[in-house]
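The values are calculated or read from the model by the stated rules, or taken from the named source; none is laboratory data. All figures in this text were calculated on a predicted structure; none of them were measured in a lab. Cβ coordinates were reconstructed from backbone atoms using ideal geometry, including for glycine residues, and neighbour counts include every protein chain displayed.
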């Protein structure tokens, strides 16, 4: 199995360059990636924006929304790229079009899968560690389960600060760490908090962390810091 | 109907004082409030923390988790106070204990309802404008519908900033405004973005905004700024 999962926040030239280099190395010499834009409302606009920002890494992106039969598009794809946006909308669409089994089958047979942000959330057992607003109710929170752990994309540390007039003031909503602790009050699955621009590259039994640090949360244990460049093969033995 | 809905973030002495003054005026001369701590995991600890922080405004808080029959506790309550925490856990518990109809009936008969943060989210038609992590899947996103509009609690403006070492750096996740625009791509209901420490006091046909500003989002229209102290009776005519 070959899966590349990104946190999101690829908004600086350095981050775009890292993502593109990694995509070239991951996908190799193929021409076309089947792109799933379902996390955003404007599908054509999404494909266009990725091309303009260079986030296609030189590959041709074929938007699945342009295919008359999306199940067949999955069955015939040589690579699958699932973009970010709203995770609930993405998963709801995958259920409505009955694409979850098709994607899971292809990836288990070796078709490479790239997910960014919401596209990483749906690669996990459930979407219960997304940061997104639940704007639509999917049939279930269960997702593709390509990996046995949860990812919290766009991870950050501590309280957030927000603009109030000219200054930045602390905001008292739950921190990301508090939210993940609440997840573990209800669920046993380990959670990887992946800082923006971070990537997990999973190939067979190997897991590499690239681009940014991460923090691993296990129920009932102190969080563990993970450095970019480190091997995280043990994550595939997660419960 | 008498409903008081708070944004959350009552973490400074001035904000606690405002909340308590408003609670005294809203609940009046009664002794006891029935408190629903279901949004947090530790129910006894929650009641204790509210007392320590003075967020009971001098009233006795009776935790519903201490009653053998929570439906009967609702039926006999003279006032209902639903605390914050995780909105998905709160709504899931309300469904599992079959309390939604009981609460709705009592409030429609005149029992005053106070909701803070998650307690405000569940007073809306759905929980689709919560900020919380979906740590558990409730039977439905449909909620109490005490008011005909949505609230986004802990509202703030623009990009967030997060700590990276010693400095605050911008974070590239969706802004709150982008999330609410995505809600309106899927749903028509107006959304009140309520800044921290803000309160909506609804009595009969009157709606008063207290404590902080708010921003009203209607599908397809420019957002509208709402000032503390203003009357928002028109919100009750929301679709």
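Tell me, please, whether a residue that is within 14 Å of chain A (Cβ to nearest Cβ) and farther than 16 Å from residue B:7 by Cβ can be found in the stretch B:63-85. No, every residue in the stretch B:63-85 fails to be within 14 Å of chain A (Cβ to nearest Cβ) and farther than 16 Å from residue B:7 by Cβ.
Within the stretch A:48-63, can you find the residues that are buried (at least 16 other Cβ atoms within 10 Å of the Cβ) and in a helix (DSSP H, G or I)?
The initial filter retains those residues of the stretch A:48-63 that are buried (at least 16 other Cβ atoms within 10 Å of the Cβ), namely A:50, A:55-57, A:59, A:61-63.
Matches in the stretch A:48-63: A:50 only.
Among the residues of the stretch A:64-77, are any closer than 26 Å to residue A:205 by Cβ, assigned to a loop (DSSP other than H, G, I, E, B) and touching a strand residue (DSSP E or B) at 6+ places or on another chain (Cβ under 7 Å)? Scanning the stretch A:64-77 turns up at least one residue that is closer than 26 Å to residue A:205 by Cβ, assigned to a loop (DSSP other than H, G, I, E, B) and touching a strand residue (DSSP E or B) at 6+ places or on another chain (Cβ under 7 Å). Residue-level check: of (1) over 24 Å from residue A:180 (Cβ atoms); (2) surrounded by 18 or more Cβ atoms within 10 Å (Cβ to Cβ); (3) touching a strand residue (DSSP E or B) at 6+ places or on another chain (Cβ under 9 Å), residue B:15 misses just (3). Just give me the residues in the stretch B:188-197 being in contact with a strand residue (DSSP E or B) (Cβ under 7 Å, 6 or more places away or on another chain) and more than 9 Å from every other protein chain (Cβ to nearest Cβ), in sequence order. Passing the criteria: B:189, B:190, B:191, B:192, B:193, B:194.
Considering only the stretch A:1-55, how many residues are more than 14 Å from chain B (Cβ to nearest Cβ) and either touching a residue at least 12 places away in the same chain (Cβ under 8 Å) or within 20 Å of residue A:198 (Cβ to Cβ) (or both)? Count: 26. Is it the case that the stretch A:90-99 has a residue that's surrounded by 18 or more Cβ atoms within 10 Å (Cβ to Cβ), in contact (Cβ under 8 Å) with a residue 12 or more places away in the chain and more than 25 Å from residue A:201 (Cβ to Cβ)? So far as the stretch A:90-99 goes, yes, one or more of its residues are surrounded by 18 or more Cβ atoms within 10 Å (Cβ to Cβ), in contact (Cβ under 8 Å) with a residue 12 or more places away in the chain and more than 25 Å from residue A:201 (Cβ to Cβ). Working only within the stretch A:62-89, note down all residues that are closer than 19 Å to residue A:138 by Cα and either within 19 Å of the chain's Cα centre (by Cα) or modelled with pLDDT under 95 (or both). Result: A:82, A:83, A:84, A:85, A:86, A:87, A:88, A:89. The selection criterion, being crowded, with 18+ Cβ neighbours inside 10 Å and out of contact with any strand residue (DSSP E or B) (no Cβ under 8 Å at 6 or more places or on another chain), does not hold for residue A:178.
Residues in the stretch B:211-239 that are part of a strand (DSSP E or B) and in contact with a helix residue (DSSP H, G or I) (Cβ under 6 Å, 6 or more places away or on another chain): how many?
Of the residues in the stretch B:211-239, the ones part of a strand (DSSP E or B) are B:214-217, B:224-226, B:231.
Applying the additional criterion that residues be in contact with a helix residue (DSSP H, G or I) (Cβ under 6 Å, 6 or more places away or on another chain) yields B:217.
Total meeting the criteria: 1.
Does residue A:40 satisfy the criteria of being part of a helix (DSSP H, G or I) and closer than 21 Å to residue B:187 by Cα? So residue A:40 does not fit the description; no.
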